[in-house]
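Accompanying notes for the structure given below.
The values are calculated or read from the model by the stated rules, or taken from the named source; none is laboratory data. Owing to the predicted nature of the structure, the values given are computational and were not obtained by experimental measurement. Note that each Cβ is placed from the backbone with ideal geometry, even for glycine, and that neighbours are counted across all protein chains shown.
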Amino acid sequence: MDLPENLFKFDIIANDPNTHARCGVFHTAHGDIPTPIFMPVGTKATVKGLMPFQIRDLGAKIILNNTYHLAMRPGADLVEEMGGVHEFMRWDGPILTDSGGFQVFSHNEFMKLTNDGVRFRAVDYDGRWVSWTPEDNMAIAEKLGSDICMQLDQCPGYPATKDYVARAVELSSMWGERCWNAHTRPDQALFGIVQGGMHMDLRLRSLAHLEECGDFPGYGIGGYSVGEDHETMYETLEPLVAEHMPKNKPRYLMGVGNPTTLVRAVASGVDMFDCVLPTRTARMGTAFSSEGRLNLKNARFAHDHGVLDERCDCPACRGGFTRAYIHHLVRQKEMLGGILLSQHNIRYLLALMERVRAAIAEGRYAEFYRDWMNSPAANDF
RNA sequence: GGGGAUGUGGCACAGCGGCAACUGCGGCGGACUGUAAAUCCGCUCCCUCUGGGUUCCUUGGUUCGAGUCCAAGCAUCCCCA
(Lines give C-alpha, C1' and ligand atoms only; values in the text may rest on other atoms or scores of the structure.)
Protein backbone atom coordinates (compact mmCIF):
# COMPACT_ATOMS: atom_id res chain seq x y z
CA MET A 1 0.00 0.00 0.00
CA ASP A 2 1.35 3.39 -0.96
CA LEU A 3 1.03 5.73 1.94
CA PRO A 4 0.59 9.43 1.25
CA GLU A 5 3.50 11.64 2.20
CA ASN A 6 1.38 13.83 4.43
CA LEU A 7 -0.05 10.85 6.33
CA PHE A 8 -1.12 11.84 9.84
CA LYS A 9 -0.02 15.40 9.30
CA PHE A 10 -2.34 18.01 10.71
CA ASP A 11 -2.54 21.06 8.47
CA ILE A 12 -4.03 24.08 10.13
CA ILE A 13 -5.88 26.13 7.56
CA ALA A 14 -7.07 28.97 9.71
CA ASN A 15 -6.78 30.24 13.26
CA ASP A 16 -9.67 32.35 14.46
CA PRO A 17 -8.33 35.78 15.44
CA ASN A 18 -10.51 36.22 18.51
CA THR A 19 -10.79 32.73 19.98
CA HIS A 20 -8.60 29.64 20.19
CA ALA A 21 -10.64 27.95 17.48
CA ARG A 22 -8.84 26.64 14.45
CA CYS A 23 -9.82 24.68 11.39
CA GLY A 24 -7.57 22.19 9.73
CA VAL A 25 -7.20 18.90 7.92
CA PHE A 26 -5.93 15.64 9.33
CA HIS A 27 -4.69 13.22 6.68
CA THR A 28 -5.37 9.49 6.89
CA ALA A 29 -4.95 6.55 4.53
CA HIS A 30 -8.69 6.54 3.88
CA GLY A 31 -9.07 10.23 3.29
CA ASP A 32 -8.74 13.67 4.77
CA ILE A 33 -10.65 14.76 7.86
CA PRO A 34 -11.61 18.41 8.06
CA THR A 35 -11.65 19.81 11.57
CA PRO A 36 -13.38 20.71 13.81
CA ILE A 37 -15.40 17.59 13.25
CA PHE A 38 -18.01 15.41 14.87
CA MET A 39 -17.56 11.65 14.47
CA PRO A 40 -20.71 9.50 14.57
CA VAL A 41 -20.34 6.42 16.75
CA GLY A 42 -20.62 2.96 15.24
CA THR A 43 -19.48 0.84 18.14
CA LYS A 44 -19.96 -2.63 16.71
CA ALA A 45 -18.93 -1.74 13.16
CA THR A 46 -22.30 -0.18 12.41
CA VAL A 47 -23.85 3.17 13.06
CA LYS A 48 -27.05 1.57 14.29
CA GLY A 49 -29.69 1.48 11.61
CA LEU A 50 -27.74 3.27 8.90
CA MET A 51 -26.13 2.05 5.68
CA PRO A 52 -22.61 3.36 5.05
CA PHE A 53 -23.75 5.34 2.00
CA GLN A 54 -26.34 7.05 4.17
CA ILE A 55 -23.71 7.94 6.75
CA ARG A 56 -21.55 9.36 3.97
CA ASP A 57 -24.46 11.30 2.47
CA LEU A 58 -25.10 12.92 5.84
CA GLY A 59 -21.63 14.41 5.50
CA ALA A 60 -19.74 12.16 7.90
CA LYS A 61 -16.01 12.12 7.20
CA ILE A 62 -14.98 9.65 9.87
CA ILE A 63 -16.77 7.27 12.19
CA LEU A 64 -15.92 5.45 15.40
CA ASN A 65 -15.72 1.75 16.12
CA ASN A 66 -14.87 0.10 19.42
CA THR A 67 -11.94 -2.23 19.90
CA TYR A 68 -13.36 -3.89 23.00
CA HIS A 69 -16.74 -4.64 21.46
CA LEU A 70 -15.29 -5.91 18.18
CA ALA A 71 -12.74 -8.02 20.04
CA MET A 72 -15.60 -9.70 21.90
CA ARG A 73 -17.79 -10.09 18.82
CA PRO A 74 -17.02 -11.09 16.16
CA GLY A 75 -13.34 -11.10 17.22
CA ALA A 76 -10.34 -9.27 15.83
CA ASP A 77 -9.06 -12.33 13.95
CA LEU A 78 -12.32 -12.66 12.09
CA VAL A 79 -12.38 -9.00 11.14
CA GLU A 80 -8.79 -9.32 9.93
CA GLU A 81 -9.68 -12.43 7.95
CA MET A 82 -12.53 -10.50 6.32
CA GLY A 83 -10.14 -7.84 5.13
CA GLY A 84 -10.16 -5.40 8.01
CA VAL A 85 -12.91 -3.35 9.51
CA HIS A 86 -13.38 -1.01 6.54
CA GLU A 87 -14.00 -3.88 4.16
CA PHE A 88 -16.00 -5.79 6.77
CA MET A 89 -18.52 -3.01 7.29
CA ARG A 90 -18.24 -1.60 3.77
CA TRP A 91 -17.25 1.90 4.88
CA ASP A 92 -14.30 3.19 2.91
CA GLY A 93 -13.77 6.42 4.83
CA PRO A 94 -11.61 6.96 7.89
CA ILE A 95 -12.35 4.97 11.05
CA LEU A 96 -11.24 5.68 14.59
CA THR A 97 -11.29 2.81 17.06
CA ASP A 98 -11.68 3.56 20.72
CA SER A 99 -9.57 1.28 22.87
CA GLY A 100 -12.26 0.00 25.18
CA GLY A 101 -10.74 1.61 28.26
CA PHE A 102 -13.99 3.42 28.79
CA GLN A 103 -15.90 0.13 28.77
CA VAL A 104 -13.45 -1.74 30.97
CA PHE A 105 -13.45 0.94 33.64
CA SER A 106 -17.14 1.69 33.55
CA HIS A 107 -17.73 -1.53 35.49
CA ASN A 108 -15.32 -1.12 38.35
CA GLU A 109 -16.79 -3.98 40.32
CA PHE A 110 -15.82 -6.39 37.56
CA MET A 111 -12.34 -5.06 36.94
CA LYS A 112 -8.99 -5.51 38.59
CA LEU A 113 -5.55 -4.33 37.74
CA THR A 114 -2.87 -6.93 37.20
CA ASN A 115 0.90 -6.64 37.05
CA ASP A 116 0.90 -5.64 33.43
CA GLY A 117 -2.68 -4.89 32.48
CA VAL A 118 -6.31 -5.36 33.47
CA ARG A 119 -8.63 -8.24 34.06
CA PHE A 120 -12.30 -7.57 33.59
CA ARG A 121 -15.54 -9.35 32.98
CA ALA A 122 -17.12 -9.13 29.55
CA VAL A 123 -20.35 -8.27 31.28
CA ASP A 124 -22.24 -7.34 28.14
CA TYR A 125 -21.30 -10.61 26.43
CA ASP A 126 -20.76 -13.92 28.20
CA GLY A 127 -19.43 -12.54 31.46
CA ARG A 128 -16.10 -14.34 31.18
CA TRP A 129 -12.94 -12.84 32.58
CA VAL A 130 -10.72 -11.22 29.97
CA SER A 131 -7.11 -10.18 30.50
CA TRP A 132 -5.73 -7.30 28.54
CA THR A 133 -2.38 -5.62 28.35
CA PRO A 134 -1.75 -2.43 26.40
CA GLU A 135 0.18 -4.61 23.94
CA ASP A 136 -2.86 -6.87 23.47
CA ASN A 137 -4.97 -3.83 22.87
CA MET A 138 -2.63 -2.56 20.17
CA ALA A 139 -2.52 -5.98 18.51
CA ILE A 140 -6.31 -5.99 18.31
CA ALA A 141 -6.44 -2.46 16.95
CA GLU A 142 -3.90 -3.37 14.29
CA LYS A 143 -5.90 -6.40 13.22
CA LEU A 144 -9.02 -4.29 12.93
CA GLY A 145 -7.06 -1.84 10.81
CA SER A 146 -8.65 1.45 11.79
CA ASP A 147 -7.04 4.70 10.65
CA ILE A 148 -6.74 6.06 14.14
CA CYS A 149 -6.58 3.98 17.29
CA MET A 150 -6.63 5.15 20.86
CA GLN A 151 -4.28 4.06 23.60
CA LEU A 152 -5.66 1.89 26.40
CA ASP A 153 -6.42 4.21 29.29
CA GLN A 154 -8.25 4.39 32.57
CA CYS A 155 -11.19 6.75 32.58
CA PRO A 156 -12.09 7.71 36.16
CA GLY A 157 -15.69 8.68 36.77
CA TYR A 158 -16.97 11.65 38.72
CA PRO A 159 -16.87 12.29 41.54
CA ALA A 160 -13.56 10.60 42.32
CA THR A 161 -10.90 11.37 44.88
CA LYS A 162 -7.85 13.18 43.62
CA ASP A 163 -5.79 10.24 44.76
CA TYR A 164 -7.80 7.91 42.62
CA VAL A 165 -7.58 10.19 39.59
CA ALA A 166 -3.83 10.53 40.15
CA ARG A 167 -3.44 6.77 40.02
CA ALA A 168 -5.53 6.65 36.86
CA VAL A 169 -3.18 9.22 35.35
CA GLU A 170 -0.14 7.16 36.33
CA LEU A 171 -1.61 4.03 34.87
CA SER A 172 -2.81 5.74 31.70
CA SER A 173 0.58 7.36 31.22
CA MET A 174 2.37 4.06 31.61
CA TRP A 175 -0.03 2.39 29.24
CA GLY A 176 0.27 5.24 26.77
CA GLU A 177 4.00 4.65 26.66
CA ARG A 178 3.57 0.91 26.27
CA CYS A 179 1.00 1.38 23.52
CA TRP A 180 3.37 3.74 21.76
CA ASN A 181 6.18 1.18 21.94
CA ALA A 182 3.97 -1.72 20.89
CA HIS A 183 2.26 -0.02 17.99
CA THR A 184 3.79 -0.77 14.60
CA ARG A 185 1.21 -0.40 11.86
CA PRO A 186 2.34 2.46 9.61
CA ASP A 187 -1.06 3.25 8.12
CA GLN A 188 -2.64 3.60 11.56
CA ALA A 189 -2.23 6.60 13.85
CA LEU A 190 -2.05 6.08 17.59
CA PHE A 191 -3.46 8.85 19.76
CA GLY A 192 -2.50 9.25 23.41
CA ILE A 193 -5.15 10.19 25.94
CA VAL A 194 -4.86 12.96 28.51
CA GLN A 195 -6.56 12.12 31.80
CA GLY A 196 -6.56 13.96 35.11
CA GLY A 197 -10.19 14.58 35.92
CA MET A 198 -10.96 18.09 37.11
CA HIS A 199 -7.42 18.68 38.41
CA MET A 200 -5.25 20.98 36.34
CA ASP A 201 -1.98 19.70 37.79
CA LEU A 202 -2.90 16.11 36.97
CA ARG A 203 -4.00 17.07 33.47
CA LEU A 204 -0.66 18.74 32.87
CA ARG A 205 1.26 15.82 34.32
CA SER A 206 -0.64 13.45 32.06
CA LEU A 207 0.01 15.58 28.99
CA ALA A 208 3.69 16.03 29.84
CA HIS A 209 4.22 12.32 30.16
CA LEU A 210 2.58 11.61 26.83
CA GLU A 211 4.76 14.20 25.13
CA GLU A 212 7.85 12.63 26.64
CA CYS A 213 7.14 9.06 25.72
CA GLY A 214 6.23 9.40 22.08
CA ASP A 215 5.43 11.63 19.15
CA PHE A 216 1.71 10.99 19.11
CA PRO A 217 0.02 12.36 15.98
CA GLY A 218 -2.96 13.44 18.04
CA TYR A 219 -4.32 13.54 21.56
CA GLY A 220 -7.53 12.39 23.10
CA ILE A 221 -8.90 14.27 26.06
CA GLY A 222 -10.69 11.76 28.23
CA GLY A 223 -12.45 11.75 31.55
CA TYR A 224 -14.86 14.59 30.87
CA SER A 225 -18.63 14.39 30.66
CA VAL A 226 -18.59 11.63 33.21
CA GLY A 227 -21.06 13.16 35.63
CA GLU A 228 -19.62 16.60 36.44
CA ASP A 229 -21.56 19.73 35.59
CA HIS A 230 -20.59 21.77 32.57
CA GLU A 231 -18.85 24.63 34.35
CA THR A 232 -16.71 22.19 36.32
CA MET A 233 -15.61 20.64 33.05
CA TYR A 234 -14.77 23.97 31.42
CA GLU A 235 -12.66 25.07 34.39
CA THR A 236 -9.86 22.70 33.41
CA LEU A 237 -10.77 21.82 29.84
CA GLU A 238 -10.50 25.36 28.52
CA PRO A 239 -7.03 26.24 29.88
CA LEU A 240 -5.76 22.72 29.13
CA VAL A 241 -6.66 22.98 25.47
CA ALA A 242 -6.17 26.66 24.89
CA GLU A 243 -2.87 27.08 26.70
CA HIS A 244 -1.14 23.75 27.09
CA MET A 245 -1.89 21.21 24.40
CA PRO A 246 0.39 21.18 21.36
CA LYS A 247 -0.99 23.38 18.64
CA ASN A 248 0.20 21.25 15.76
CA LYS A 249 -1.72 18.13 16.76
CA PRO A 250 -5.45 17.43 16.65
CA ARG A 251 -7.21 17.46 20.01
CA TYR A 252 -10.04 15.05 20.44
CA LEU A 253 -12.54 15.61 23.24
CA MET A 254 -13.83 12.12 23.83
CA GLY A 255 -17.48 11.39 24.39
CA VAL A 256 -18.88 14.88 24.03
CA GLY A 257 -21.75 15.54 21.67
CA ASN A 258 -23.87 18.18 23.32
CA PRO A 259 -24.13 20.92 20.66
CA THR A 260 -23.51 23.78 23.05
CA THR A 261 -20.48 22.05 24.51
CA LEU A 262 -19.15 21.45 21.00
CA VAL A 263 -19.45 25.10 20.11
CA ARG A 264 -17.77 26.19 23.33
CA ALA A 265 -15.02 23.56 23.24
CA VAL A 266 -14.16 24.57 19.67
CA ALA A 267 -13.60 28.09 20.91
CA SER A 268 -10.95 26.66 23.23
CA GLY A 269 -9.28 24.80 20.39
CA VAL A 270 -10.80 21.32 20.35
CA ASP A 271 -10.76 19.69 16.92
CA MET A 272 -12.59 16.38 17.19
CA PHE A 273 -15.63 15.03 19.02
CA ASP A 274 -17.59 11.84 19.20
CA CYS A 275 -20.71 10.93 21.11
CA VAL A 276 -23.52 8.41 21.18
CA LEU A 277 -25.93 11.15 22.15
CA PRO A 278 -27.36 11.93 18.70
CA THR A 279 -27.89 8.30 17.74
CA ARG A 280 -28.98 6.95 21.11
CA THR A 281 -31.43 9.74 21.80
CA ALA A 282 -32.69 9.34 18.24
CA ARG A 283 -33.55 5.71 18.88
CA MET A 284 -35.30 6.83 22.07
CA GLY A 285 -37.38 9.40 20.17
CA THR A 286 -35.52 12.69 20.62
CA ALA A 287 -34.69 15.07 17.77
CA PHE A 288 -32.15 17.88 17.85
CA SER A 289 -33.49 21.05 16.31
CA SER A 290 -32.94 24.78 16.09
CA GLU A 291 -35.65 25.03 18.77
CA GLY A 292 -33.76 22.69 21.08
CA ARG A 293 -34.57 19.08 21.84
CA LEU A 294 -37.86 17.66 20.68
CA ASN A 295 -39.26 14.55 22.33
CA LEU A 296 -41.25 13.08 19.47
CA LYS A 297 -43.08 10.79 21.87
CA ASN A 298 -44.95 13.78 23.27
CA ALA A 299 -48.64 14.05 22.47
CA ARG A 300 -48.18 17.60 21.19
CA PHE A 301 -46.68 16.24 17.96
CA ALA A 302 -49.58 13.96 17.06
CA HIS A 303 -51.11 16.47 14.62
CA ASP A 304 -47.95 18.41 13.75
CA HIS A 305 -47.72 18.92 9.97
CA GLY A 306 -44.18 20.33 10.17
CA VAL A 307 -40.91 18.50 9.55
CA LEU A 308 -38.45 18.03 12.40
CA ASP A 309 -36.59 21.24 11.63
CA GLU A 310 -37.37 23.64 8.80
CA ARG A 311 -33.68 24.55 8.48
CA CYS A 312 -32.49 20.94 8.20
CA ASP A 313 -31.45 19.22 4.98
CA CYS A 314 -31.41 15.65 6.28
CA PRO A 315 -33.31 12.87 4.46
CA ALA A 316 -36.16 12.99 6.99
CA CYS A 317 -36.67 16.72 6.64
CA ARG A 318 -36.01 16.89 2.90
CA GLY A 319 -38.30 13.92 2.44
CA GLY A 320 -41.18 15.76 4.04
CA PHE A 321 -41.70 13.28 6.85
CA THR A 322 -43.91 15.13 9.30
CA ARG A 323 -43.47 15.30 13.04
CA ALA A 324 -46.89 13.63 13.25
CA TYR A 325 -45.62 10.68 11.21
CA ILE A 326 -42.39 10.32 13.15
CA HIS A 327 -44.40 10.63 16.38
CA HIS A 328 -46.46 7.70 15.15
CA LEU A 329 -43.38 5.65 14.19
CA VAL A 330 -41.71 6.26 17.52
CA ARG A 331 -44.82 5.38 19.49
CA GLN A 332 -45.28 2.20 17.54
CA LYS A 333 -41.59 1.41 17.97
CA GLU A 334 -41.25 1.15 14.21
CA MET A 335 -37.61 0.87 13.08
CA LEU A 336 -37.95 3.71 10.62
CA GLY A 337 -38.56 6.17 13.44
CA GLY A 338 -35.14 5.57 14.95
CA ILE A 339 -33.53 5.48 11.54
CA LEU A 340 -34.97 8.82 10.41
CA LEU A 341 -34.18 10.46 13.75
CA SER A 342 -30.63 9.05 13.70
CA GLN A 343 -30.04 10.54 10.30
CA HIS A 344 -31.57 13.81 11.39
CA ASN A 345 -29.54 14.12 14.60
CA ILE A 346 -26.27 13.15 12.94
CA ARG A 347 -26.94 15.63 10.18
CA TYR A 348 -27.76 18.26 12.77
CA LEU A 349 -24.32 17.91 14.38
CA LEU A 350 -22.44 17.56 11.11
CA ALA A 351 -24.17 20.62 9.68
CA LEU A 352 -23.37 22.50 12.87
CA MET A 353 -19.71 21.60 12.48
CA GLU A 354 -19.77 22.65 8.82
CA ARG A 355 -20.96 26.08 9.91
CA VAL A 356 -18.34 26.09 12.66
CA ARG A 357 -15.55 25.40 10.14
CA ALA A 358 -16.83 28.08 7.78
CA ALA A 359 -17.00 30.62 10.58
CA ILE A 360 -13.44 29.86 11.68
CA ALA A 361 -12.16 29.97 8.11
CA GLU A 362 -13.70 33.41 7.76
CA GLY A 363 -12.33 34.60 11.08
CA ARG A 364 -15.71 35.22 12.62
CA TYR A 365 -15.98 32.46 15.16
CA ALA A 366 -16.47 34.82 18.10
CA GLU A 367 -19.55 36.14 16.37
CA PHE A 368 -20.76 32.64 15.58
CA TYR A 369 -20.22 31.64 19.19
CA ARG A 370 -22.17 34.62 20.48
CA ASP A 371 -25.04 33.98 18.08
CA TRP A 372 -25.17 30.35 19.10
CA MET A 373 -25.26 31.15 22.80
CA ASN A 374 -28.16 33.53 22.16
CA SER A 375 -30.11 31.02 20.07
CA PRO A 376 -33.14 29.24 21.51
CA ALA A 377 -31.45 25.86 21.14
CA ALA A 378 -28.33 26.76 23.12
CA ASN A 379 -29.95 26.59 26.53
CA ASP A 380 -31.79 23.41 25.79
CA PHE A 381 -28.64 21.39 25.19
C1' G B 1 -86.65 -24.92 26.85
C1' G B 2 -82.20 -27.64 29.39
C1' G B 3 -77.06 -27.51 31.04
C1' G B 4 -72.41 -24.93 31.97
C1' A B 5 -69.17 -20.60 32.57
C1' U B 6 -68.11 -15.55 33.64
C1' G B 7 -68.81 -10.43 35.47
C1' U B 8 -62.22 -6.40 38.91
C1' G B 9 -59.56 0.43 37.46
C1' G B 10 -59.41 2.90 29.41
C1' C B 11 -58.39 -2.53 27.67
C1' A B 12 -56.60 -7.55 29.06
C1' C B 13 -55.80 -10.29 33.24
C1' A B 14 -54.44 -11.62 38.86
C1' G B 15 -56.74 -11.90 43.33
C1' C B 16 -59.62 -17.85 46.99
C1' G B 17 -61.49 -13.39 54.34
C1' G B 18 -57.26 -7.88 56.17
C1' C B 19 -56.87 -4.35 49.33
C1' A B 20 -56.78 1.56 46.70
C1' A B 21 -56.30 -3.92 44.66
C1' C B 22 -50.52 -8.05 41.13
C1' U B 23 -49.06 -7.87 36.09
C1' G B 24 -49.19 -6.52 30.95
C1' C B 25 -51.06 -3.08 27.35
C1' G B 26 -52.67 1.80 26.63
C1' G B 27 -52.12 7.03 28.37
C1' C B 28 -48.90 11.34 30.39
C1' G B 29 -44.01 12.91 31.34
C1' G B 30 -38.67 12.37 32.13
C1' A B 31 -33.60 10.59 31.46
C1' C B 32 -29.88 9.42 27.84
C1' U B 33 -22.56 12.44 26.65
C1' G B 34 -15.13 7.58 24.09
C1' U B 35 -23.29 2.63 23.20
C1' A B 36 -24.26 -3.57 28.92
C1' A B 37 -29.31 1.31 25.82
C1' A B 38 -34.51 0.75 19.22
C1' U B 39 -33.27 1.22 26.60
C1' C B 40 -34.38 2.71 31.43
C1' C B 41 -37.27 5.60 35.21
C1' G B 42 -41.63 8.09 37.28
C1' C B 43 -46.97 9.05 37.32
C1' U B 44 -51.79 7.05 35.64
C1' C B 45 -59.89 6.48 41.00
C1' C B 46 -61.11 11.47 43.69
C1' C B 47 -59.63 15.31 47.23
C1' U B 48 -58.11 20.88 50.79
C1' C B 49 -52.92 14.70 49.71
C1' U B 50 -46.51 12.52 54.85
C1' G B 51 -53.67 12.61 55.51
C1' G B 52 -58.75 11.75 53.96
C1' G B 53 -62.78 9.95 50.69
C1' U B 54 -65.13 6.61 47.48
C1' U B 55 -64.14 1.50 44.68
C1' C B 56 -63.98 -4.67 42.20
C1' C B 57 -72.18 -5.73 37.86
C1' U B 58 -76.67 -4.61 41.47
C1' U B 59 -79.20 -5.40 46.01
C1' G B 60 -79.46 -7.83 50.54
C1' G B 61 -76.95 -11.05 54.05
C1' U B 62 -72.81 -13.66 57.08
C1' U B 63 -68.29 -11.61 59.54
C1' C B 64 -64.41 -7.49 63.93
C1' G B 65 -63.36 -7.21 58.68
C1' A B 66 -66.01 -9.04 51.95
C1' G B 67 -63.36 -8.03 45.33
C1' U B 68 -63.02 -12.64 47.93
C1' C B 69 -68.36 -16.49 51.56
C1' C B 70 -74.15 -16.89 51.03
C1' A B 71 -78.94 -15.41 48.50
C1' A B 72 -81.62 -13.02 44.82
C1' G B 73 -81.47 -10.09 40.55
C1' C B 74 -79.21 -8.17 36.03
C1' A B 75 -75.76 -8.88 31.96
C1' U B 76 -72.49 -11.62 28.76
C1' C B 77 -70.46 -16.14 26.63
C1' C B 78 -70.46 -21.55 25.44
C1' C B 79 -72.92 -26.38 24.74
C1' C B 80 -77.50 -29.29 24.00
C1' A B 81 -82.55 -28.88 22.17
Worksheet item: So A:Pro186 fits all but one of (1) within 15 Å of RNA strand B (Cβ to nearest atom); (2) assigned to a loop (DSSP other than H, G, I, E, B); what number is the exception?
Response: (1)
Discussion item. Restricting to the range A:50-108, and then to whatever is out of contact with any Phe, Trp or Tyr (no Cβ under 6 Å at 6 or more places or on another chain) and polar (S, T, N, Q), can you tell me which residue is modelled with the lowest pLDDT?
Written reply: A:Asn108
Discussion item. Restricting to the range A:256-274, give me the number of residues that are within 13 Å of RNA strand B (Cβ to nearest atom), touching a residue at least 40 places away in the same chain (Cβ under 8 Å) and part of a helix (DSSP H, G or I).
Written reply: 6
Worksheet item: Could you say which residue among A:Leu253, A:Leu277 is surrounded by 14 or more Cβ atoms within 10 Å (Cβ to Cβ), near RNA strand B (Cβ under 7 Å from one of its atoms) and under 18 Å from the mean Cα position of the chain (by Cα)?
Response: A:Leu277
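Is it the case that the range A:83-90 has a residue that's within 29 Å of A:Gly227 (Cα to Cα) and within 15 Å of RNA strand B (Cβ to nearest atom)? Show your work before the answer.
Step one: of the range A:83-90, the residues within 29 Å of A:Gly227 (Cα to Cα) are none.
No, the range A:83-90 has no match at all.
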Discussion item. Tell me the residue from A:Leu210, A:Leu152, A:Leu171, A:Leu202 that is away from RNA strand B (no atom under 13 Å from the Cβ) and touching a residue at least 12 places away in the same chain (Cβ under 8 Å), please.
Written reply: A:Leu202
Item to complete: Can you give me the number of residues within the range A:229-250 that are within 13 Å of RNA strand B (Cβ to nearest atom) and crowded, with 19+ Cβ neighbours inside 10 Å?
Response: 2
Discussion item. Being surrounded by fewer than 13 Cβ atoms within 10 Å (Cβ to Cβ), touching a residue at least 12 places away in the same chain (Cβ under 8 Å) and touching a strand residue (DSSP E or B) at 6+ places or on another chain (Cβ under 8 Å): is that true of A:Thr97 here?
Written reply: no
Discussion item. With the requirement that a residue be in a helix (DSSP H, G or I) and surrounded by 12 or more Cβ atoms within 10 Å (Cβ to Cβ), what does the range A:104-140 give you?
Written reply: A:Val104, A:Phe105, A:Phe110, A:Pro134, A:Glu135, A:Asp136, A:Asn137, A:Met138, A:Ala139, A:Ile140
Worksheet item: Would a scan of the range A:69-83 turn up a residue that is surrounded by 14 or more Cβ atoms within 10 Å (Cβ to Cβ) and in contact with a strand residue (DSSP E or B) (Cβ under 6 Å, 6 or more places away or on another chain)?
Response: no
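Just to be sure, is A:Asp77 acidic (Asp, Glu) and in contact with a helix residue (DSSP H, G or I) (Cβ under 8 Å, 6 or more places away or on another chain)?
The answer is yes for A:Asp77.
Just checking, how many residues over the range A:293-351 are aromatic (Phe, Trp, Tyr) and within 12 Å of RNA strand B (Cβ to nearest atom)? Break it down into steps so the answer makes sense when it comes.
Here is the first cut: in the range A:293-351, the residues aromatic (Phe, Trp, Tyr) are A:301, A:321, A:325, A:348.
With the extra rule that they be within 12 Å of RNA strand B (Cβ to nearest atom), the set shrinks to A:301.
Qualifying residue count for the region: 1.
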Practice prompt. Could you list all residues from the range A:73-110 that are of a type in the set (A, V, I, L, M, F, W, C) and more than 24 Å from the chain's Cα centre (by Cα)?
Written response: A:Leu78, A:Met82, A:Phe110
Worksheet item: Among the residues of the range A:213-235, how many are among the hydrophobic types (A, V, I, L, M, F, W, C), farther than 19 Å from A:Val165 by Cα and modelled with pLDDT of 95 or more?
Response: 1
Worksheet item: What is the residue count in the range A:48-73 for residues that are more than 23 Å from A:Asp126 (Cα to Cα) and near RNA strand B (Cβ under 8 Å from one of its atoms)?
Response: 2
Worksheet item: Among the residues of the range A:280-292 satisfying the criterion of being near RNA strand B (Cβ under 7 Å from one of its atoms) and not in a strand (DSSP E or B), which is surrounded by the fewest Cβ atoms within 10 Å (Cβ to Cβ)?
Response: A:Met284
Discussion item. Can you tell me how many residues within the range A:1-51 are assigned to a loop (DSSP other than H, G, I, E, B), within 21 Å of A:Ala358 (Cβ to Cβ) and over 15 Å from the mean Cα position of the chain (by Cα)?
Written reply: 6
Item to complete: Could you list, in sequence order, all residues of the range A:68-91 that are touching a Gly at 6+ places or on another chain (Cβ under 8 Å) and acidic (Asp, Glu)?
Response: A:Glu80
